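Working notes for the structure below.
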Amino acid sequence: MHTGLRLEQVTQENVRAACKLKMRPDQEDLVAPVAWSLADACTMPDIAWPRLIYERGQLVGFIMAAFAPEHQNPLFHSYLWRLNIGAGCQGRGYGRFAVEALCHEAIRRGQHRLTVCYHPYQHGPEGFYRRLGFLPTGECHEGEVAAERILSVDAAASAIR
């Protein structure tokens with residue numbers, strides 16, 4: 001895997017670059033723009049976990065989770081809310097790195113399950129999530145497929161090394 005990859009908090013210094021991150025045109029209807037995600041994060045600072053993905057100082061993506069262990073719907077206790085990898089940066093392992101780092105964070109917070117929802121479109125992220133160990137739960141949320149990954153401490157620790 002890449003040795004220069006890291007996640008960083010969104011700051012006053014990097015927020016504009018984050019908002020300029022562009023998806024491929026065929027993916028724009030699959031995930032909200034980073035600016036919308038950051039607006040959501042501002043309205044829910046107690047549960048939102050937004051992070052920027054960098055490789056050797058270059059912004060390559062964005063990931064945001066929600067940690068709401070008290071939420072009435074268990075789907076949102078530990079939830080991969082958004083994942084945006086820049087149009088020219090896809091297929092290089094950045095999304096995998098970010099999701100594995102998120103799994104590690106979820107375990108650190110005492111969670112044993114990470115969930116995600118996605119549209120089952122032809123060019124959607126289903127294959128990506130399945131390759132990372134997410135399996136459909138049989139539930140749907142607002143027209144999206146709900147999937148889960150059961151987390152283990154050993155797997156998460158070795159994946160981010």
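The values are calculated or read from the model by the stated rules, or taken from the named source; none is laboratory data. A quick note: this is a predicted structure, and the numbers were derived from the prediction, not measured. In this analysis, Cβ positions are derived from the backbone assuming ideal geometry, glycine residues included, and neighbour counts consider all displayed protein chains.
Can you name the residue in the stretch 97-118 that is modelled with pLDDT of 95 or more and assigned to a strand (DSSP E or B) and, of all such residues, is farthest from His141 (Cα to Cα)? The residue in question is Arg113.
Among the candidates Val99, Val116, Val60, the residue that is over 28 Å from Gln12 (Cβ atoms) and crowded, with 21+ Cβ neighbours inside 10 Å is uniquely Val116.
Would you check if Ile53 is crowded, with 18+ Cβ neighbours inside 10 Å, over 13 Å from the mean Cα position of the chain (by Cα) and hydrophobic (A, V, I, L, M, F, W, C)?
no
Applying the condition of being within 16 Å of Trp49 (Cα to Cα) and charged (D, E, K, R) to the stretch 71-112 and asking which residue is nearest to the chain's Cα centre (by Cα) yields Arg82.
As a summary of the residue check, Ala32 satisfies the conditions (1) touching a residue at least 40 places away in the same chain (Cβ under 8 Å); (2) surrounded by 15 or more Cβ atoms within 10 Å (Cβ to Cβ); (3) in a helix (DSSP H, G or I) except for the one numbered (3). Cβ-Cβ distances below 7 Å connect the following pairs, each with a first residue in the stretch 106-134 that is among the hydroxyl-bearing types (Ser, Thr, Tyr), a second residue that is not in a strand (DSSP E or B), and a separation of six or more residues or different chains: Thr115/Leu75; Tyr118/Gly124; Tyr118/Pro125; Tyr118/Glu126; Tyr118/Tyr129; Tyr121/Leu30.
Before we move on, is Tyr121 under 15 Å from the mean Cα position of the chain (by Cα) and either modelled with pLDDT under 95 or crowded, with 16+ Cβ neighbours inside 10 Å (or both)?
Working: under 15 Å from the mean Cα position of the chain (by Cα): no; either modelled with pLDDT under 95 or crowded, with 16+ Cβ neighbours inside 10 Å (or both): yes.
Here the answer is no, as Tyr121 does not meet what is asked.
State all residues of the stretch 124-160 that are touching a His at 6+ places or on another chain (Cβ under 6 Å), closer than 22 Å to Phe97 by Cβ and either acidic (Asp, Glu) or modelled with pLDDT of 95 or more (or both); if no residue qualifies, say none.
To start, the set of residues in the stretch 124-160 that are touching a His at 6+ places or on another chain (Cβ under 6 Å) comprises 144, 151, 156, 160.
Now narrow it down to the ones that are closer than 22 Å to Phe97 by Cβ: 151, 156, 160.
Matches in the stretch 124-160: Leu151 only.
Collect the residues in the stretch 12-29 that are among the hydrophobic types (A, V, I, L, M, F, W, C) and without any contact (Cβ under 8 Å) to a residue 24 or more places away in the chain, keeping them in residue-number order. Spell out the reasoning first.
Taking the stretch 12-29 first, the residues among the hydrophobic types (A, V, I, L, M, F, W, C) are 15, 17-19, 21, 23.
Once the filter is applied, which keeps residues that are among the hydrophobic types (A, V, I, L, M, F, W, C) and without any contact (Cβ under 8 Å) to a residue 24 or more places away in the chain, the stretch 12-29 yields Val15, Cys19.
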